[in-house]
Amino acid sequence: MSSQSNDDDASGAIFINLTVPPNVEPGVDSLTFQYDGNEMEVLIPEDSLAGDVLQIQVGSSAVRNNSSSNSSDNGDEAIKSSSLMDELNGAEDVGVSNDMKLAQNNDVRDGVATVTLGEGLKSTVTLQLLEELPKGHSSSVCNREGDGTAHCLWPSGIVLAQSLTSKMGIEYLTKMLKHFDGGQSIDCMELGSGLGTCGIALAHAFASVETSSTTSYQIVLTDRGEDTIALLEENIDRNCTFGSASKISVTSHPLTWGNELSSDFSTPKKFHCIIGSDLLYNSRESYEPLLNTIQQHLHPDGIVILSVRWRKPELERGFFHNAEQLGITFVNWKEFEECETFKGRCPATLNWKDYGNPTSECSNEYFLKTNVSVGNTTKSLADITEDDMEVMNDDEYSLFEEKQIQIHVARYSANKKGRKRNFGE
């Protein structure tokens, strides 16, 4: 938690003052705060100390986001804008994280986010996802755990949900099920479920898969925090009405990465399919427990499907490298990349070893030749700055985000099946 106060200056700029709490890691940890009904997030600058006051401009009555002229009260230099290529090549993070703009870039009204699922379903489905618990809910007064990201709808989650429910996704899941011959129960888990977007979408996808009438599906949505689990339960109740004859069960359960599901949990601890989106956003410290959790719960013949919005590729590539050491091999989801519905939205076909790697010619070429719109101009991904992101409209920003999203799938390597190893072994 950090203390927060509002302030403004003579120019009409509106600021939020945040006090850096103890026991945080500058340059890695973030602070969250509420402003104008939205939850925002800001990266703690690397040179910060506990007790420092961060003055964050959140608005202006005269000029919107005039960051070139902003400076702190103690006369520090104005925030400099670095390009996306600078960040990929290791430049320090500067200014306020533009991920906070995501809260304004989705179809969210009165705290309800809507996502229309793919065209592969038997009928059109639009999810109605609460971002906050209803007033008066018994868990609404609980202290929120985590950094608040679980209560937001993220582009990588939308992409994964829509791909799983597309015609391509339904065909892919149908082929996947054929590998589990004679299995009457297909058990699936979503990690870091947040609002439950992808897990609920997977349930709707299975409802449209043509399989044996004896096949049942159990989908477990997991996250941490009593309030997040309560929110998941609300969203499951609102969006998973498959009828009394349905063989699809969708439940929620608390899970902290690095741990196994509690012993009183009634479902099998090994899952045929594990999915997740935007799980690598935080820091490398989360990668070891995340991989341990995947290893603990993945069926020997199971599959992992991860939607990744690359932010710090130099760090994030380490996750995939460490996964390979454990015998879990991630590759690009080729069916997704070749699907006409998505290859224009998410055109990156680089493998994880190349993405954002400054020594990779194909990566540098992707960022130099892939263009996005910024107002009335067009710029390459390599040249996009934080100032550009601030002036993008909602559609432009969504397209910009999707250019940096990939979906990776993984299975145990053939010589690793059935052998459980600890991280780093």
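The values are calculated or read from the model by the stated rules, or taken from the named source; none is laboratory data. Source: prediction; values computed, not measured. All Cβ positions, glycine included, derive from the backbone under ideal geometry; neighbour counts span all protein chains shown. In case anyone asks, the SASA skips ligands and DNA or RNA and just uses the protein heavy atoms, side chains included. Shrake-Rupley method; radii C 1.70, N 1.55, O 1.52, S 1.80 Å.
Evaluate Rg over Rh across segment 295-425, taking Cα atoms for both radii and Kirkwood's formula for Rh.
Expressed as Rg/Rh, it is 1.04.
Restricting things to alpha carbons, tell me how big segment 268-331 is in terms of Rg and Dmax, in Å.
When restricted to Cα atoms, segment 268-331 yields Rg and Dmax of 11.4, 36 Å.
Below 8 Å, C-alpha to C-alpha, sequence gap of six or more: please give me the relative contact order for segment 210-357 in percent. Don't jump to the answer; show the numbers that get you there.
Details: 152 pairs, mean separation 26.1, N = 148.
Relative contact order comes out at 18 percent.
Quick one: net charge around ILE219, please, counting Lys, Arg +1 and Asp, Glu -1 for every other residue with C-beta under 9 Å from its C-beta.
Spelling it out: positives minus negatives among the neighbours equals -2.
THR329: accessible area at probe 1.4 Å, nearest 10 Å²?
Rounded to the nearest 10, that gives 50 Å².
Once you list every other residue whose beta carbon is under 14 Å from the beta carbon of ASN239, what net charge do they have if Lys and Arg are +1 and Asp and Glu are -1? Present the calculation step by step, with values, prior to reporting the outcome.
On the way: positive: ARG238; negative: GLU131, GLU190, GLU233, GLU234, ASP237.
Charge balance in the 14 Å sphere: -4.
Listed here are the pairs LYS167/LYS270; LYS175/LYS403; LYS167/LYS247; which of them are more than 24 Å apart at the Cα?
Pairs exceeding 24 Å: LYS167/LYS270; LYS175/LYS403.
Could you state how much accessible area THR197 has, in square angstrom rounded to the nearest 10, with a 1.4 Å probe and all protein chains kept in place?
Answer for THR197: close to 10 Å² accessible.
Largest first, what is the accessible-area ranking of GLU324, GLU401, GLU233 with a 1.4 Å probe?
GLU233, GLU324, GLU401
Order HIS408, HIS299, HIS321, most accessible first, counting only protein heavy atoms with a 1.4 angstrom probe. List each step's numbers first, then the result.
On the way: HIS408 0, HIS299 45, HIS321 95 Å².
Sorted by accessible area, descending: HIS321, HIS299, HIS408.
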